[in-house]
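Novice: Before I ask anything, let me first share the structure, which is written out below as structure tokens.
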Amino acid sequence: SLSIQEQVPTVVTVKQPKVDVAEQYAATKRKPHINFVVVGHVDAGKSTLMGRLMYDMGAIDERTINKYKRDSDKMGKGSFAFAWVMDQSEEERERGVTMDIATSYFESPKVSFTILDAPGHKDFVPNMIAGASEADFAVLVVDSSPNAFEAGFLHSGQTKEHALLVRSLGVQRIIVAVNKLDNMAWAEYRFTEIKDQLQVFLNSIGFTGSQTSFIPCSGLYGDNIVNKSAEEELLSWYKGPTLLEELENLRLVQRDIKAPLRMSITDVFRGTNSSLVNIAARINSGNVQTGETTIVVPSMESTLVKTIMISNNLRDWAVAGDNVELILANIDMMHLRAGDVMCSLSAPIKRARIFTARVIIFQLRIPLIKGSNAIVYRGRTTEAFKITKLISVLDKSTGKILKSKPRHLASGQSAIIELEVIGKGCFPLETFKENKDLGRVVLRQDGNTVAAGVVEDVISVVTDL
Ligand code: GDP
């Protein structure tokens, strides 16, 4: 059998790319696009804060927000109006809890953003993971009201768990929105007290000082979200950026647009012309152009990219970071599934059968043992694996080995484990070093998330077509 590099898919005519996309991209100065996830304890004010951000950015019109205000007044939940912008389903409104991962788009003059609004409710952690595993960075919202920060930070609060999760999923930066400071009369001591405690914790899980920042704000009143606060008390001690300014500062996320194409397919649907297939996808690395022949992993079927669209505009090419819609020719719909990865024809992603991962172990009722099964998730890709080795337990902040070949893994531990696919399947995979998006995985057992982390090594791959 051939090695992965030697596989040559059967295509009649292979169209070669025509333009140097990297060169064109450099010349166009297109706005960078950034995905971020919003996490934090339930009721910290995530939805309100994001609704406010969208509203102040002009991404929601006045009439819509007025309707939300009227509707929420009727239900006697006046202050929820902004949150409603984000929590769109009826059921969520009734319950007042954000349930699914909601995505919203807005842009500033410098950067365009997609918010992945992650629910804070305990039952909904898996949705949060789906968001965090696609995020360039995280906004951690904490409630600064008396005792509320403490409730979210200590005991069974979700602040720590969420921060740990985004870290173990490879999110490199975190902005802490010290929210509801209006409830504290904008007192500096409260901001400092929260900042100091969180900084120590964030350092302990591996976020350095330069990977964290803290913004005193009020989502409800719109202070320091998009507009600088006019509160004199706050202005007397805080001269730093607003949340938006800080978000824009982080646009220096490095994406390799010259690397081999990696594009995660999120949706597959039949086009208007029945011989064509439409897909929605996100480009993780590299670039793609119309007229290019690419390959789909794991089916290893090649296909011709006929049309590229970004936000309903036709484009000749697209690059890493773009969310795109493509029209494909020369491929049957059965060879494409959500979760598949479309790649450069000459350098497809590995189809992993065995890999090692550095993971954080979640709250478990029973410790994780060698030989148990787990479903591995990355975005929409899933596959059943067996945990074949517990290699080591690591110090969470330094990464040093504390113990080799542990007999089991307990809640909160950081560890390296080996997994092998069950049956004939495979998983399109790269190491976290190779690809920050595609090298992150989540492990679940019986519907519970048991671990999440980054891929260290791909040990064995499928070698035949
Ligand atoms: P989530 O569960 O984190 O999404 O929190 P919500 O956005 O639903 O907000 C929870 C509650 O806190 C609601 O009653 C909000 O009106 C209130 N709230 C949110 N942000 C602020 C704020 O900045 N200041 C004050 N005083 N209340 C807020």
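The values are calculated or read from the model by the stated rules, or taken from the named source; none is laboratory data. Quantities reported herein were computed from a predicted structural model and do not represent experimental measurements. All Cβ positions, even for glycine, are placed from backbone atoms using ideal geometry, and neighbour counts span all protein chains on display.
Novice: Out of Lys405, Lys386, Lys396, Lys306, I need the residue that is surrounded by fewer than 22 Cβ atoms within 10 Å (Cβ to Cβ), under 22 Å from Ile283 (Cα atoms) and among the basic types (Lys, Arg). Which one?
Specialist: One residue alone meets the criteria, Lys306.
Okay, residues lined up against (1) surrounded by fewer than 19 Cβ atoms within 10 Å (Cβ to Cβ); (2) within 16 Å of the ligand (Cβ to nearest atom); (3) modelled with pLDDT under 80; (4) part of a strand (DSSP E or B):
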| residue | (1), (2), (3), (4) |
| --- | --- |
| Lys110 | yes, no, no, no |
| Gly120 | no, yes, yes, no |
| Val125 | no, yes, yes, no |
| Glu134 | no, no, yes, no |
| Leu140 | no, yes, no, yes |
| Gly152 | no, yes, no, no |
| Gln172 | yes, no, no, no |
| Asn183 | yes, yes, no, no |
| Tyr189 | yes, no, no, no |
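Novice: Could you grab the pairs with beta carbons closer than 9 Å, sequence gap of 6+ or different chains, first residue in segment 39-56 and at positive phi, second one within 9 Å of the ligand (Cβ to nearest atom) and acidic (Asp, Glu)?
Specialist: Correct list of pairs: Gly40/Asp143; Asp43/Asp143; Gly45/Asp143.
Novice: Quick test for you: out of Thr290, Thr266, pick the one residue that is in contact (Cβ under 8 Å) with a residue 24 or more places away in the chain, surrounded by fewer than 20 Cβ atoms within 10 Å (Cβ to Cβ) and in contact with a Lys or Arg (Cβ under 7 Å, 6 or more places away or on another chain).
Specialist: Thr266
Novice: So how many residues does segment 274-293 have that are among the polar types (S, T, N, Q) and over 15 Å from Glu325 (Cα atoms)?
Specialist: Looking only at that region, the number is 4.
Novice: Still on this model: Which residues, counting only those in segment 435-465, are assigned to a strand (DSSP E or B), under 24 Å from Ile283 (Cα atoms) and not basic (Lys, Arg)? Give the steps one after another, and end with the answer.
Specialist: Pass one, segment 435-465, residues assigned to a strand (DSSP E or B): 440-445, 448-461.
Of the ones still in play, those that are also under 24 Å from Ile283 (Cα atoms) are 440-443, 452-458, 461.
Result: Val441, Val442, Leu443, Ala452, Gly453, Val454, Val455, Glu456, Asp457, Val458, Val461.
Novice: For segment 235-263, which residues satisfy the criterion of being farther than 23 Å from Val324 by Cβ, among the acidic types (Asp, Glu) and in contact (Cβ under 8 Å) with a residue 60 or more places away in the chain?
Specialist: Initial filter on segment 235-263 (farther than 23 Å from Val324 by Cβ): 235-246, 248-249.
Subsequent filtering for residues that are among the acidic types (Asp, Glu) retains 245-246, 248.
Selection gives Glu246, Glu248.
Novice: In addition: Could you grab the pairs with beta carbons closer than 7 Å, sequence gap of 6+ or different chains, first residue in segment 370-392 and on the phi > 0 side of the Ramachandran plot and part of a loop (DSSP other than H, G, I, E, B), second one among the basic types (Lys, Arg) and surrounded by fewer than 22 Cβ atoms within 10 Å (Cβ to Cβ)?
Specialist: Gly371/Lys386
Novice: So which residues in segment 15-62 are among the charged types (D, E, K, R), more than 19 Å from the chain's Cα centre (by Cα), under 19 Å from Thr114 (Cβ atoms) and within 15 Å of the ligand (Cβ to nearest atom)?
Specialist: Once the filter is applied, which keeps residues that are among the charged types (D, E, K, R), more than 19 Å from the chain's Cα centre (by Cα), under 19 Å from Thr114 (Cβ atoms) and within 15 Å of the ligand (Cβ to nearest atom), segment 15-62 yields Arg52, Asp56.
Novice: If I ask for residues that are among the small types (Gly, Ala, Ser) and part of a strand (DSSP E or B), which ones from segment 250-293 would you list?
Specialist: Ser264, Ala280, Ala281, Ser285
Novice: Ok, one more. For Gln158, only one of the following conditions fails: (1) more than 30 Å from Leu438 (Cα to Cα); (2) within 16 Å of the ligand (Cβ to nearest atom); (3) among the polar types (S, T, N, Q). What is its number?
Specialist: (1)
Novice: Answer with yes or no whether Val176 is part of a strand (DSSP E or B) and within 16 Å of the ligand (Cβ to nearest atom).
Specialist: yes
Novice: Those residues that are crowded, with 23+ Cβ neighbours inside 10 Å and over 17 Å from the mean Cα position of the chain (by Cα), I need them from segment 417-449; list them, please.
Specialist: Ile417, Leu419, Phe427, Pro428 - these are the residues of segment 417-449 that are crowded, with 23+ Cβ neighbours inside 10 Å and over 17 Å from the mean Cα position of the chain (by Cα).
Novice: So for segment 213-224 (the condition being in a strand (DSSP E or B), buried (at least 18 other Cβ atoms within 10 Å of the Cβ) and out of contact with any strand residue (DSSP E or B) (no Cβ under 7 Å at 6 or more places or on another chain)), does at least one residue qualify?
Specialist: Looking for residues that are in a strand (DSSP E or B), buried (at least 18 other Cβ atoms within 10 Å of the Cβ) and out of contact with any strand residue (DSSP E or B) (no Cβ under 7 Å at 6 or more places or on another chain), one finds at least one in segment 213-224, hence yes.
Novice: Please tell me if Ala352 is within 25 Å of the chain's Cα centre (by Cα), not charged (D, E, K, R) and not in a loop (DSSP other than H, G, I, E, B).
Specialist: So Ala352 fits the description; yes.
Novice: Quick test of your reading of the structure: Phe214 fulfils all but one of (1) closer than 23 Å to Phe36 by Cα; (2) of a type in the set (Phe, Trp, Tyr); (3) free of Cβ contacts under 8 Å to residues at least 24 places away in the same chain. Name the failing condition by number.
Specialist: In the conditions (1) closer than 23 Å to Phe36 by Cα; (2) of a type in the set (Phe, Trp, Tyr); (3) free of Cβ contacts under 8 Å to residues at least 24 places away in the same chain, Phe214 misses (3) alone.
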